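Read the structure below first, then the notes.
The values are calculated or read from the model by the stated rules, or taken from the named source; none is laboratory data. Since we're looking at a predicted model, the values are computed, not measured. Note: ideal-geometry Cβ built from the backbone for every residue, glycine included; neighbour counts use all protein chains shown.
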């Protein structure tokens, strides 16, 4: 007799045909990973091409007790796309059409499988862009960005994904299609379902269409590199910029270890003996950019930067940004694997956080190099490690947990922009009490009582209804 | 034998003392109204002074089957603060302390009973302001603003209340205290409870403390009045301003009827024979304001304005705004009462909406005068009427319903910034299908299964759990 999952697979194959449902274990293996590095084999992979097919697939999966795990490009680094309980992976990559671009109404309607960069390329000729620019934007999909509420270097000025989603079409766990949000500017009546679904990591609904708010491309931008002998002076610069009421598009920080790691690789011109560098980008009208850049250079110098460079043209800007852009790749060269952490602290606790990260690295004898969205208080400590070296893996995990705990203690959050997935579930109770978590569990039970949708992610598993 | 409500009252009096719980019917009558004009008598009124007292009051009320209706200044015009099923009115007016103002972190921590204007006055010396400025801001409380997700003329540039709430402390229906959101800039992990609770009209939780994001006061502002012989030219101006990528702080529109109504009262200098006027405010640095104002004057003239005036000083600005500010008062002079509608349409459907409103007024023989946040597509048609004239009341109601239906048909929403309350419940199904409403009802059941908190508001009453 067939197991439930085999019955489920057979029903999917029957509904959509054998060419459109992957059941072979070698094929399924390709969908067992995301960028987190862990592995969970699913029972089947299906590539829906319409909302109606998502509905049908969800209904079949539910009937056969198969969890449904929506997946975009699989760049998730908190485990959000891993099929931890097996089931059906809904690979959304064929729902990849840009449905409409309306510059007058400042809206782009897309299917969830559209890669972020593809929308940016389509918007550029209209003079517009979509604000969220996660590091993965060359591959990650807009559906994934919505599920994870992605950020990026520019969210200092422009906010994260949730600030730019105006409407969603979603499929609920029972197969109902629901449209939330609306095309008007103000909040739609009733409860804010839109905000609830953005960042829910596919645990409450499968996103099948997205209306995104788009922004005019700034006519001018300028990048400033400021080099520091003391991390503290970099932090003073950030505070002084904010106090001066300047709003740069981004303020990125690389610490000493990160500089040492990227410079030999990228030759971005970051001095090897610096304690920190800041990369500050301003955008706007040419006159406003000119004024802001001059003011920021002044502030950086006044705060103790030993060197301040302002990129005058695109080539210089690209060169300055290169060191930031290659940060993950450079860190990945230090060992067989690199663990990427994502935590936040209040902006004015950044120095304490970075110093704590350094001390924790020393304590556990692991190398930690950090790149940070300093304007947002969002840190990404990276820990290179060798997965074969079990002792090092244990020390990496211990250091990693202590880093999260230290940041929460400073008033921060266990995740900034990479989501909870499965990775942050153990650290959620550092930040939330049982009452907060219970509220989230009640919402999950209300919308997905049988835990069909991406179970075991984003929030601690709710108690079952009895 | 006592009724349940009498037992509940007695328990409240016993817990908090007879001086702090109003039970006399004359006292309770003062809390039977909000600005909507309907009347529902509650069983008791209590003025909590701490979160712990809110917890205790909610627990007592729940135990005795008394609904709990949180209330601020009672300026609600959709019925959100009316005790439609009796019960306990929680008058939050004594929880009225500003707890902290932190300009560096751009945060103000307040209790819910603080009037909006009081926070603005406290922020001004620091050079900051809170973005939401509903028409009621001189009296309405920040707790009420959060519950209704209030807007105001400046939400074109700055967004509505939900865009500026960073954290909430709330009391749930079971008396649990929960803190949602956080002081860091990025979205906290898990589901976005903050967005869910803002605008929920007190139906999911009672707000007991609020962390608000505050903004630097713009150093300069300028108001431009543009006068039109044709409404269409005013709409063209709005579109052209947006297409030119200018973001005024506000774009307000008064239609012919509204001009005729305010001008004899306020002498704001709006020509009596104009078909529409726009009041456009720009803010920012003096140089940016100068440039934007010049460009907007050019655009208005180019779009067919017969007259464009730019206010050079504060006195001139105040004079131009006077006509807008007195709009409700002026409309209220036309009859014994005035009904205030609040609907939205996509910005580019504003002319069609206003023409539809005029036609509906003619059809039902009621006077309709309209003021609109034209940049947001948010209309406030006002219908003066005599509550003693039952035929006129019926015609007013019919016209009102048709106005909402017409706007929804144009792609709009049944409410812009005044909430659903009880007033918009009958029109919600124009905008939402049963699936959308069912999702909201499931959330309500999940957090408040016994319908303790402000029952019968914001969403259609959920089916009871069985």
Considering region A:244-264 alone, what residues qualify as being farther than 21 Å from residue A:151 by Cα and within 14 Å of chain B (Cβ to nearest Cβ)? A:244, A:245
Among the numbered criteria (1) modelled with pLDDT of 95 or more; (2) buried (at least 24 other Cβ atoms within 10 Å of the Cβ); (3) within 20 Å of the chain's Cα centre (by Cα), which one does residue B:129 miss? (2)
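Let's see how each residue does on (1) within 14 Å of chain A (Cβ to nearest Cβ); (2) under 30 Å from residue B:170 (Cα atoms); (3) under 28 Å from the mean Cα position of the chain (by Cα):
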| residue | (1), (2), (3) |
| --- | --- |
| B:227 | no, no, yes |
| B:242 | yes, no, yes |
| B:266 | no, no, yes |
| B:301 | no, no, no |
| B:305 | no, no, no |
| B:312 | no, no, no |
Give me the residue from region B:290-307 that is touching a helix residue (DSSP H, G or I) at 6+ places or on another chain (Cβ under 8 Å) and closer than 19 Å to residue B:153 by Cβ and, out of that set, surrounded by the most Cβ atoms within 10 Å (Cβ to Cβ). B:300
Unmet criterion (only one of (1) in contact with a strand residue (DSSP E or B) (Cβ under 6 Å, 6 or more places away or on another chain); (2) surrounded by fewer than 19 Cβ atoms within 10 Å (Cβ to Cβ); (3) part of a helix (DSSP H, G or I)) for residue B:315: (1)
Expected single match for within 20 Å of the chain's Cα centre (by Cα), surrounded by 16 or more Cβ atoms within 10 Å (Cβ to Cβ), under 15 Å from residue A:206 (Cα atoms) and touching a residue at least 24 places away in the same chain (Cβ under 8 Å) among A:54, A:69, A:58 is A:69
Any idea which residue in region B:345-378 is surrounded by the fewest Cβ atoms within 10 Å (Cβ to Cβ), counting only those that are assigned to a strand (DSSP E or B) and within 14 Å of chain A (Cβ to nearest Cβ)? B:373
Inside region B:439-448, can you point out the residues that are more than 25 Å from residue B:8 (Cβ to Cβ), touching a residue at least 12 places away in the same chain (Cβ under 8 Å) and within 7 Å of chain A (Cβ to nearest Cβ)? B:440, B:442, B:443
For region B:413-433, the count of residues that are in contact with a strand residue (DSSP E or B) (Cβ under 8 Å, 6 or more places away or on another chain) and assigned to a helix (DSSP H, G or I) equals 1
Candidate set: region A:1-17, residues that are at pLDDT 95 or above and more than 13 Å from residue A:88 (Cβ to Cβ); chosen: the one surrounded by the most Cβ atoms within 10 Å (Cβ to Cβ): A:14
Taking residue A:462, is it more than 16 Å from residue A:341 (Cβ to Cβ) and without any contact (Cβ under 8 Å) to a residue 40 or more places away in the chain? yes
Only one of B:269, B:190, B:202 is at pLDDT below 95 and touching a strand residue (DSSP E or B) at 6+ places or on another chain (Cβ under 8 Å). Can you tell me which? B:269
Can you give me the number of residues within region A:405-432 that are more than 8 Å from chain B (Cβ to nearest Cβ) and either under 16 Å from residue A:345 (Cα atoms) or surrounded by fewer than 21 Cβ atoms within 10 Å (Cβ to Cβ) (or both)? 13
Check A:451, A:436 and return the single one that is part of a loop (DSSP other than H, G, I, E, B) and either more than 23 Å from residue B:197 (Cα to Cα) or without any contact (Cβ under 8 Å) to a residue 12 or more places away in the chain (or both). A:451
Any chance residue B:367 is touching a strand residue (DSSP E or B) at 6+ places or on another chain (Cβ under 7 Å) and touching a residue at least 24 places away in the same chain (Cβ under 8 Å): yes
Against the condition modelled with pLDDT of 95 or more and either under 30 Å from residue B:409 (Cβ atoms) or assigned to a helix (DSSP H, G or I) (or both), how does residue B:322 come out, does it pass? no
Residue B:145 buried (at least 24 other Cβ atoms within 10 Å of the Cβ), modelled with pLDDT of 95 or more and within 14 Å of another protein chain (Cβ to nearest Cβ): yes
When you go through (1) within 14 Å of chain B (Cβ to nearest Cβ); (2) more than 30 Å from residue A:295 (Cα to Cα); (3) in contact with a strand residue (DSSP E or B) (Cβ under 6 Å, 6 or more places away or on another chain) one by one for residue A:210, which number turns out not to apply? (1)
Scanning region A:151-172 for residues that are within 10 Å of chain B (Cβ to nearest Cβ) and buried (at least 24 other Cβ atoms within 10 Å of the Cβ) gives A:151, A:155, A:156, A:160, A:161, A:170
Here is a check on your reading of the model: is residue B:436 more than 10 Å from every other protein chain (Cβ to nearest Cβ) and over 24 Å from residue B:75 (Cβ atoms)? no
